[in-house]
1. Return the residues of the stretch 110-142 that are among the charged types (D, E, K, R), modelled with pLDDT of 90 or more and assigned to a loop (DSSP other than H, G, I, E, B); say none if nothing qualifies.
2. Among the residues of the stretch 58-81, are any touching a residue at least 24 places away in the same chain (Cβ under 8 Å), of a type in the set (Lys, Arg), surrounded by 11 or more Cβ atoms within 10 Å (Cβ to Cβ) and farther than 30 Å from VAL133 by Cβ?
3. Would you mention how many residues in the stretch 95-124 are of a type outside the set (Lys, Arg) and either surrounded by fewer than 13 Cβ atoms within 10 Å (Cβ to Cβ) or in contact with a strand residue (DSSP E or B) (Cβ under 6 Å, 6 or more places away or on another chain) (or both)?
4. For ILE61, which of the numbered conditions (1) part of a helix (DSSP H, G or I); (2) of a type outside the set (S, T, N, Q); (3) over 21 Å from GLN32 (Cβ atoms); (4) in contact with a Ser or Thr (Cβ under 7 Å, 6 or more places away or on another chain) fails to hold?
5. Quick one: count up the residues across the stretch 1-53 that are hydroxyl-bearing (Ser, Thr, Tyr), outside any loop (DSSP other than H, G, I, E, B) and more than 15 Å from ASN65 (Cβ to Cβ).
6. Go through VAL130, VAL161 for me and flag whichever is surrounded by 10 or more Cβ atoms within 10 Å (Cβ to Cβ) and over 24 Å from ALA85 (Cβ atoms).
7. Between residues in the stretch 1-23 that are surrounded by fewer than 10 Cβ atoms within 10 Å (Cβ to Cβ) and residues that are assigned to a loop (DSSP other than H, G, I, E, B) and not hydrophobic (A, V, I, L, M, F, W, C), which pairs lie under 9 Å by C-beta distance while being six or more apart or on different chains?
8. Starting from residues that are basic (Lys, Arg) and under 25 Å from the mean Cα position of the chain (by Cα), keep the ones in the stretch 26-79 and report whichever is farthest from GLN9 (Cα to Cα).
Amino acid sequence: MIYAKVKDQEEQKQLDDALDSSKSKKWYRRLQVVANSAKKFTVKQLSIMFAISEATIRSYIQLYNEGGLDKLAPLKQTGRPPKIANWTKEQWSEVLERTPDQYEKLNTHSRAWILERLSLYLKEYHQIEVSIVSIHNSLEKTKIRTGRNKLRVGSNDPDYVVKRAHVEAVQILH
């Protein structure tokens, strides 16, 4: 039988603290496997409890026994870097403060942004091809609402944003 070996109180405290502060489901599950293994739950019991294969349970326990929490931590996933997932709220706001009809390459008379138009904008102006789901997720991540469009007043005047801010500042004074 293989069990996780928690050597002393300090190591138990580290494990408990990691469980309390865990934000990732995968990491939390690994910690739970190790914590329960240290309480003498068998690999078979843990496999049933967490719906994970026995080989995976054994590998978690073995990793922990070899190097503690540092060795147990999941490795960063490799893969293609995201194209727009790291866009900031400011970057999106800069695009969205103008209406689609103000972007010549979009060739539209529409004044409302929809995800398909944002996809076309990214393709035409940034040479980025992404799915509509990726755009939605990026907007959601930056807390930009993606629901029903709200009425936007805009102008083709390049100084419109400055003029509008000035008008709003004057309205606040009154």
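The values are calculated or read from the model by the stated rules, or taken from the named source; none is laboratory data. Note that the coordinates shown come from a computational prediction; the quantities given were computed from them, not determined experimentally. Every residue, glycine as well, gets a Cβ built from its backbone with ideal geometry; the counts of neighbours run over all protein chains shown.
1. Selection gives GLU129 alone.
2. To start, the set of residues in the stretch 58-81 that are touching a residue at least 24 places away in the same chain (Cβ under 8 Å) comprises 58, 60-62, 64-65, 68-69, 72-74.
Now restrict to residues that are of a type in the set (Lys, Arg): 58.
Restricting the remaining residues to those that are surrounded by 11 or more Cβ atoms within 10 Å (Cβ to Cβ) gives 58.
Still in the running and farther than 30 Å from VAL133 by Cβ: 58.
Yes, the conditions are met somewhere in the stretch 58-81.
3. Of all residues in the stretch 95-124, those of a type outside the set (Lys, Arg) come to 95-97, 99-104, 106-110, 112-116, 118-122, 124.
Subset that is either surrounded by fewer than 13 Cβ atoms within 10 Å (Cβ to Cβ) or in contact with a strand residue (DSSP E or B) (Cβ under 6 Å, 6 or more places away or on another chain) (or both): 104, 107, 109-110, 116.
Result for the stretch 95-124: 5.
4. With respect to (1) part of a helix (DSSP H, G or I); (2) of a type outside the set (S, T, N, Q); (3) over 21 Å from GLN32 (Cβ atoms); (4) in contact with a Ser or Thr (Cβ under 7 Å, 6 or more places away or on another chain), ILE61 is out only on (3).
5. So the first thing to find is which residues in the stretch 1-53 are hydroxyl-bearing (Ser, Thr, Tyr), and the list is 3, 21-22, 24, 28, 37, 42, 47, 53.
Those left that are additionally outside any loop (DSSP other than H, G, I, E, B): 21, 28, 37, 47.
Right, trim to more than 15 Å from ASN65 (Cβ to Cβ) and you get 21, 28, 47.
Result for the stretch 1-53: 3.
6. On the way: VAL130 fails: over 24 Å from ALA85 (Cβ atoms).
Unique residue meeting the criteria: VAL161.
7. MET1/LYS40; MET1/THR42
8. LYS76
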